[in-house]
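The values are calculated or read from the model by the stated rules, or taken from the named source; none is laboratory data. Values in this document were obtained by computation on a predicted structure and should not be read as measured data. A quick note on method: Cβ atoms are made from the backbone with ideal geometry, for glycine too, and the neighbour counts reach across all protein chains shown. In case anyone asks, the SASA skips ligands and DNA or RNA and just uses the protein heavy atoms, side chains included. Shrake-Rupley method; radii C 1.70, N 1.55, O 1.52, S 1.80 Å.
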Amino acid sequence: MDNLLTTAEKIRSMEIRGAGRIAVAASAALRDYARTLGSLNIEEFSIKIEEAAKTLVDTRPTAVSLPNAVMLTKKHTSLNVGEAIDEIIGNSDTFIKNATEALGKIGRIGAERIRDGDVILTHCNSHAALSIIKTAFDQGKKISVIATESRPRRQGFITIRELSDHGIPTTLIVDSAVRLTMKEVDLVVVGADSISVNGALINKIGTSQLALAAQEARKNVIVAAETYKFSPRTLLGEMVEIEDRSPDEVIDPQLLKEMPNVKVKNPGFDVTPAEYIDLIITEVGAFPPAMAFAIIRDYLGIGLDHH
């Protein structure tokens, strides 16, 4: 349990970040914890697994990859604890293998949408979006990237380092320069923390502004998302919870104390309506946002019986 709690804390504190990495870490933590429960009876085993699953899922409310990874990992049908553990280990190994391979597949499918000479705008730090950009560059397409800072955590700094290390010409802009810069852009490529049943995108705060500016400038918006980023719970009409993060990320707490009439809002994510999105690139193909329901049904198992 100690290892599982350590992983949960690393996810909460964003030491482990990025929806894909969070999903893989959570699946592995649950698998390794299940291995330690061999001496229990099946009822005790199931209770412990559910408790561990809840501990992991509660760390970050918005990234749907986390509950999906946990749901797909913890499924077991056997009433024999040894066999149930084997099922969970098998589930986890399959999930991690698929998650690892998904990035390469998304890169290859998405790169088809990038033309030689394109200027691509990206936001935050998405491994799936960068897979598309790097693949297109590796194909010999002469592309360049404009990356936003993505305040307040400035994940854009991670993005520009990755792109620079890959040899891709990159420009860093402040978040508020998005609309001004959009006229130089050919294509917007972003990742996803969650995609709801109606095809709306929940992603790093500021994504909806990019999409709005792109819509106005008639530039296409592509979302790179593994199938486990789709949210089955939205089938039940549940809203995706938007995480509010600490004001300390935005302003020195001491300064805030000196201003009793000021409060700080630091939402981690926003919602981009489906009509601003041209295409969602997944490891199983490229889909319009309207296909979100089919992806949830076919690749996650409809999700209505899993909470």
- Over the stretch 51-86, the set of residues open to solvent by 30 Å² or more (accessible area, probe 1.4 Å), of a type outside the set (S, T, N, Q) and under 13 Å from Ser27 (Cα atoms) is Lys54, Val57, Leu72, Lys74, Lys75
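The rows are residues; the columns are (1) open to solvent by less than 30 Å² (accessible area, probe 1.4 Å); (2) out of contact with any strand residue (DSSP E or B) (no Cβ under 7 Å at 6 or more places or on another chain); (3) among the aliphatic types (A, V, I, L, M); (4) on the phi < 0 side of the Ramachandran plot.
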| position | (1), (2), (3), (4) |
| --- | --- |
| Ala217 | no, yes, yes, yes |
| Val223 | yes, no, yes, yes |
| Phe230 | yes, no, no, yes |
| Leu235 | no, yes, yes, yes |
| Glu241 | no, yes, no, yes |
| Pro253 | no, yes, no, yes |
| Val262 | no, yes, yes, yes |
| Lys265 | no, yes, no, yes |
| Thr272 | yes, no, no, yes |
- Query: So, in the stretch 281-307, of the ones that are part of a loop (DSSP other than H, G, I, E, B) and modelled with pLDDT of 95 or more, which residue ends up farthest from the chain's Cα centre (by Cα)?
  - Reply: Pro288
- Message: Tell me whether the stretch 116-127 contains one or more residues that are outside any loop (DSSP other than H, G, I, E, B), under 30 Å from Lys74 (Cα atoms) and either in contact (Cβ under 8 Å) with a residue 24 or more places away in the chain or open to solvent by less than 70 Å² (accessible area, probe 1.4 Å) (or both).
- Response: yes
- Report whether or not Asp248 is open to solvent by 20 Å² or more (accessible area, probe 1.4 Å) and either closer than 27 Å to Ala292 by Cβ or of a type in the set (Gly, Ala, Ser) (or both). no
- Message: Among the residues of the stretch 133-147, are any open to solvent by less than 10 Å² (accessible area, probe 1.4 Å) and over 17 Å from Val185 (Cα atoms)?
- Response: no
- Query: Since Ile143 meets every condition but one in (1) among the hydrophobic types (A, V, I, L, M, F, W, C); (2) in contact with a Pro (Cβ under 9 Å, 6 or more places away or on another chain); (3) within 19 Å of Val271 (Cα to Cα), which condition does it not meet?
  - Reply: (3)
- Message: Name the residue that is nearest to Arg161 (Cα to Cα), counting only residues in the stretch 104-115 that are in a helix (DSSP H, G or I) and either modelled with pLDDT under 95 or open to solvent by less than 10 Å² (accessible area, probe 1.4 Å) (or both).
- Response: Gly107
